[in-house]
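Working notes, structure below.
Please treat every number below as a calculation from the coordinates, not as lab data. Predicted model, so just to flag it, every value in this text is computed and none were measured. Note that we place each Cβ from the backbone using ideal geometry, even for glycine, and neighbour counts take in every protein chain shown.
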Amino acid sequence: MRGIRFFALAALLGARPALSQATAPDLPFRIPVLVYHLIGEKDSRWGRSRDGLRRDLELLYERGYRPITVSQLVDRQFDIPAGTSPVVITFDDASPGQFSYIEQNGLLEIDPNSGVGIWLAFSRAHPDWRDRATFCLLPGASAGHAFFGDKGIDGQKTEWRLRKVRFLAEQGFELCNHTLWHARLNKYSDAVVQEQVARGLLAIDSAVAGYRVRTFALPLGLWPTNHALALTGRWTDPHSGRAVEYRFDAILEVTGALSGTPYGPGFNPRSIHRTQVIGENLRTLLDEIEPHRFRPR
């Protein structure tokens, strides 16, 4: 398996067709789209502390935000309480800190200090905070980034991986493709790009048969040389002869600066920029968005 390497860069795609303005809001509202990577003991360039995540959820809730998935954003399905605003929260790379089990007397329990454990505890305390995050998955990366942990890394067993993915889907979280092992797509041929994307989908299907993956997150924010292959493509398994076709409704970018995704005329679901939560930047972002925050009703 290939390892993960993180780089602070974003590749921007040129002009792409926007959604019909007839179905978009009349004004350019802004909706925060957040991304988390590692969840652990302390904040880092690519990590958020557990206490930091808890504070983030509290802050969002207090400021009147409620979560929706990327697909709900694209479909304009804002099933949140009247007077509140949508926030999209994404988790990239499927690390053990995001979702881990604790085994006690042969029984598995969700680690309350993992990202999923923190989320579920928060939703139990706040029933109108639903299980509506988007998890962008890697099934074959190293360092435990293979459906949230394998080979005993951070105490996580390989046989637990598919169970975790199924649990997320059953709860209502969205499953998102992030390639097989976080490949830098701009370095590879068209054939390899399509294989990376298709094998990521096959792995998700092995956990949740028939699940329709609608969202794709670009590893490192890098587009393949043939930009169209991030959206749609086809790969045939040389061993089984099985053909896998894919077409996504949303493409997630990576950005390093504060960004409240524009949502109105010109909103492009095929280039959705996100804000990584670091330090106190979430509070700053919400302050900047406030004059233009979107309240569906």
>> Can you compute the equivalent ellipsoid semi-axes for segment 158-235, i.e. the square root of 5 times each eigenvalue of the Cα gyration tensor, sorted largest first and rounded to whole Å?
In response: 24, 12, 11
>> Considering all alpha-carbon pairs of the chain, what whole percent are spaced by more than 28 angstrom?
In response: 34
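Only bridges whose two residues both fall in segment 194-278 count here: according to DSSP, what percent of them are antiparallel, nearest 5?
55
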> Tell me, what is the percent relative contact order of the chain, built from C-alpha pairs under 8 Å that lie six or more residues apart?
Replying inline: 26
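With each run of n ≥ 4 DSSP H residues scored as -39500 (n - 2.57), what mean residue ellipticity at 222 nm is computed for the chain after dividing by its residue count and rounding to the nearest 500 deg cm²/dmol?
-7000 deg cm²/dmol
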> For the pair His227 and Asp249, how long in nm is the line joining their label points, each one 7 Å along Cα→Cβ?
Replying inline: 2.3
> How would you order 50-58, 217-225 from highest to lowest mean count of nearby Cβ atoms within 10 Å?
Replying inline: 217-225, 50-58
> For segment 100-188, what D do you get in µm² per second when you plug the Kirkwood radius from alpha-carbon pairs into Stokes-Einstein at 20 °C and 1.002 mPa s?
Replying inline: 151
>> Apply the Karplus curve 6.51 cos²θ - 1.76 cosθ + 1.60, θ = phi - 60°, to the phi angles in segment 135-151 and return the couplings in whole Hz, x for Gly and Pro.
In response: 9, 9, 9, 10, x, x, 8, 8, 6, x, 7, 9, 6, 6, x, 8, 6
> Using the eigenvalues of the Cα gyration tensor, what equivalent ellipsoid semi-axes result for segment 42-133 when each is taken as the square root of five times the eigenvalue, whole Å, largest first?
Replying inline: 25, 15, 14
>> Regarding segment 74-116, what's the average projected area of the Cα-atom convex hull, expressed in nm²?
In response: 5.1
> From the Cα gyration tensor of segment 170-213, with a ≥ b ≥ c the square roots of its eigenvalues, which class applies: rounded if a/c is under 1.5, or else prolate if a/b is larger than b/c, or else oblate?
Replying inline: prolate
> What does the charge dipole of the chain about its Cα centre add up to, to the nearest 20 debye, if the Cβ of each Lys and Arg holds +1 and the Cβ of each Asp and Glu holds -1?
Replying inline: 400
> How large is the dipole of segment 98-138 about the Cα centre if only Lys and Arg carry +1 and Asp and Glu carry -1, each at its Cβ, rounded to the nearest 20 debye?
Replying inline: 180
> Among Phe167, Ile251, Ile39, whose Cα sits farthest toward the positive end of the charge dipole of segment 27-289 (+1 at Cβ of Lys/Arg, -1 at Cβ of Asp/Glu, about the Cα centre)?
Replying inline: Ile251
> Each residue of segment 32-47 in turn: what ³J(HN,Hα) in whole Hz from Karplus with 6.51, -1.76, 1.60 and θ = phi - 60°, glycine and Pro shown as x?
Replying inline: x, 10, 9, 9, 10, 10, 6, 10, x, 6, 9, 6, 8, 4, 10, x
>> I'd like the distance between the alpha-carbon centres of segment 60-114 and segment 249-289, rounded to an integer number of Å.
In response: 17
>> Compute, for segment 61-191, the length of the dipole vector about the Cα centre, with Cβ point charges of +1 (Lys, Arg) and -1 (Asp, Glu) only. Units Debye, rounded to 20.
In response: 140
> Want the number for Ala169 to Glu58: 0.36 nm per residue separation, take away the alpha-carbon distance, what's left?
Replying inline: 37.6 nm
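What share of Cα pairs, in percent, lie more than 16 angstrom apart in segment 192-236?
38
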>> Using 5 Å bins from zero, what percent of all Cα-Cα pairs in segment 100-144 falls into each bin?
In response: 5, 18, 17, 22, 20, 12, 5, 0
>> Under 5 Å between amide hydrogens, which residues at least 5 positions from Tyr101 or on another chain qualify, with H placed 1.01 Å from N in the peptide plane?
In response: Asp111
> Hey, any idea what Rg/Rh is for segment 188-270, computing Rh the Kirkwood way over Cα pairs?
Replying inline: 1.02
>> Taking every DSSP beta bridge with both residues inside the chain, roughly what % is antiparallel (nearest 5)?
In response: 35
